[in-house]
Amino acid sequence: AVVDPWVLPAGVPLAGALVWGTVLVAPMVALNFGLEKLGLKAVEDVKKTTTLFISQTFTGSNSGLLKVALFSLAAGVAEEWLFRGFLLELCARYFDDTASLAISSVLFGLGHFITPLYFLLSVVGGAYFGAIYTSSQHCLVQPAVAHAVYDFVAIAIILNELRDQREADGEMNEVKDD
């Protein structure tokens, strides 16, 4: 029997799945903040690379939080369907649960390979989203929400840092002009 991965398990309300998916972002956000506090060059390289991508993707007059939200939602839904709903389930036909999760997570990491550390973090993130998927009875709602909210928070934080930097640079230019 084919099961629709977007159908919530019996007894799970949509509001509960949305809230739970949102709450599950906290460990990933905490990991990011913790890694940034370490001050490692590899972490700084990831930050520079992602900041460059975000600044190029989300600058301009039409780049508000709505664009970030739509981008995040599209990425969360599409990537969770591909890597968990399709690839993890395909692997499960041939391998046990652990191997299926590992294979789909490595493929997720390869799809996000920017730097070696970003690949590793993406593998961990893929495993985390996969664990959410399998623990929610193979329903994609919770991992897609967690993925979308994580992307939204990460992008919004970087855009806020870029805005603060531009404002500080503008203030510095005003001082130099005096």
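The values are calculated or read from the model by the stated rules, or taken from the named source; none is laboratory data. Since we're looking at a predicted model, the values are computed, not measured. Cβ atoms come from the backbone with ideal geometry, glycine included; neighbour counts cover every protein chain shown. Each accessible area value is taken on the protein alone, full model and side chains, heavy atoms only, with ligands, DNA and RNA left out. Shrake-Rupley method; radii C 1.70, N 1.55, O 1.52, S 1.80 Å.
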Inset, instruction - Return yes when Ala10 is at pLDDT 90 or above, of a type in the set (Gly, Ala, Ser) and either under 14 Å from the mean Cα position of the chain (by Cα) or outside any helix (DSSP H, G or I) (or both) and no when it is not. - result: no
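What do you reckon, is Trp20 in a loop (DSSP other than H, G, I, E, B) and open to solvent by 80 Å² or more (accessible area, probe 1.4 Å)? Walk me through it before giving the result.
Numbers: in a loop (DSSP other than H, G, I, E, B): no; open to solvent by 80 Å² or more (accessible area, probe 1.4 Å): yes.
When the stated conditions are applied, Trp20 does not pass them.
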Legend entry - Checking Asp177 against (1) of a type outside the set (Lys, Arg); (2) more than 21 Å from Pro9 (Cα to Cα); (3) at pLDDT 95 or above, the condition it does not meet: (3)
Inset, instruction - Please verify whether the range 58-77 includes one or more residues that are within 21 Å of Ile114 (Cβ to Cβ) and touching a Gly at 6+ places or on another chain (Cβ under 7 Å). - result: no
Legend entry - Residue ID - most open to solvent (accessible area, probe 1.4 Å), chosen from residues in the range 100-156 that are outside any helix (DSSP H, G or I) and under 20 Å from Gly11 (Cα atoms): Gln137
Inset, instruction - From (1) hydrophobic (A, V, I, L, M, F, W, C); (2) over 20 Å from Pro5 (Cα atoms); (3) free of Cβ contacts under 8 Å to residues at least 24 places away in the same chain; (4) open to solvent by 80 Å² or more (accessible area, probe 1.4 Å), pick out the condition that doesn't hold for Leu65. - result: (3)
Legend entry - Failed criterion for Ser55 (all others in (1) modelled with pLDDT of 95 or more; (2) within 21 Å of Ile155 (Cβ to Cβ); (3) in contact with a helix residue (DSSP H, G or I) (Cβ under 8 Å, 6 or more places away or on another chain) hold): (1)
